[in-house]
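The numbers here are math on the coordinates, done by the rules we state, and not lab data. Because the structure is a prediction, the values reported are computed rather than measured. Heads up, the Cβs are rebuilt from the backbone with ideal geometry, glycines too, and the neighbour counts pull from every protein chain shown.
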Amino acid sequence: MAGRQLFVVTGASGGFGSAILRQINALFGDRAVIIACARNKSKLDEVITGFSAQVKHISVEFGEREGIKERCQAIFDLCAGDGFQSVYLYNNHGFGGDVSKLAQDFDDSTEIDDYFFLNLTSFQVLTSVFLKNFPGIPHTCVNISSLCAIVAFPSMSLYCTGKAARLMMYKCLAADNSDVKVLNYSPGPMLTTMTEAYHTDKMKNEETRGKFKKMKEENCWVDTDESAKKMLEIVKDNKFTSGEQIDFYDC
Ligand SMILES: NC(=O)c1ccc[n+]([C@@H]2O[C@H](COP(=O)([O-])OP(=O)(O)OC[C@H]3O[C@@H](n4cnc5c(N)ncnc54)[C@H](OP(=O)(O)O)[C@@H]3O)[C@@H](O)[C@H]2O)c1
């Protein structure tokens, strides 16, 4: 694959996000330009030390309504006018939500709205703004999805609902745009900041807590780098039908 590729990665300093960065660097090296959206700059600096890929950093707050479209546009302005062979959006940012509550406990509309703004609305706005940039260049959009988009896990109602909506949103995106490649990728259970509380008393449902506890005891988490590598290879080799969800365990 000749020519320069642009990769935009959100949540880039997080557990899976930083693995995506490392694997882009490993697969594409100096043919990659990465825009890393990360609020934690020092953590990002640790991740990208020694990279041959070019990395541009921007701190983006995806949880704030005011000015979200402009903040999303500022991401792509970092590479305005640059020539690329293809452009990729890895829409990875996300938050697990309050796992101490069951579905019926959520009665605070602000809490619910804030959750869906961060996990769904900003995800959609970013996709829309991305597709308006870099005209004439092939675009690929990747939703970092989850098994929770398909299966209801007790104590994880907001998360499951948000992931289900993201999945359908990207299926619709594929249906509406035959010229855009769209992948929903479920990376498997990984030990990251998001999951570290899931095996503790913070997780209300005993069954869900037990599942994560077992995973911790048996250390059977999916390796973040292995999963990111699989995902990038699926995209690079075009081994997917636009709009479908592929799980780490499927491949
Ligand atoms: N861990 C798992 O088992 C698992 C399984 C399936 C799917 N996933 C999905 O994988 C993705 C990455 O999660 P992770 O496990 O790597 O968790 P993580 O380490 O907590 O990373 C999530 C990242 O999301 C970004 N983020 C959170 N709130 C934000 C905000 N208000 N504004 C901007 N960015 C914000 C942060 O990035 P910065 O600090 O860099 O800004 C954060 O590092 C998520 O979409 C998650 O749902 C995870």
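Here are some notes:
- Fewest-first ranking of T49, T161, using other Cβ atoms within 10 Å as the exposure measure: T49, T161
- Sparse packing (at most 15 other Cβ atoms within 10 Å of the Cβ) combined with a DSSP loop state is found for the following GluC sites (Glu not before Pro) in region 24-130: E61, E64, E66.
- Average projection area in nm² (convex hull over Cα atoms of the chain, one quarter of hull surface): 13.3
- Bridges between two residues of region 1-80, per DSSP, are antiparallel at a rate of about 0%.
- Under the Debye formula (equal points on every Cα, no solvent term), log10 I(q)/I(0) of region 76-155 at q = 0.16, 0.19, 0.22 Å⁻¹: -0.74, -0.90, -1.08
- Cα centroid separation - region 1-49 against region 68-109, whole Å: 16
- Cut-off 14 Å between beta-carbons: net charge of the residues surrounding Y170, Lys and Arg +1, Asp and Glu -1: +2
- Over all other residues within a Cβ to Cβ distance under 15 Å of D82, the charged ones net out to +1, with Lys and Arg as +1 and Asp and Glu as -1.
- Peptides 11-17, 36-42, 171-177 ordered by average Cβ neighbours within 10 Å, highest first: 11-17, 36-42, 171-177
- A cut-off under 13 angstrom between Cβ atoms defines the neighbours of N25, and their net charge, with Lys, Arg +1 and Asp, Glu -1, is +1.
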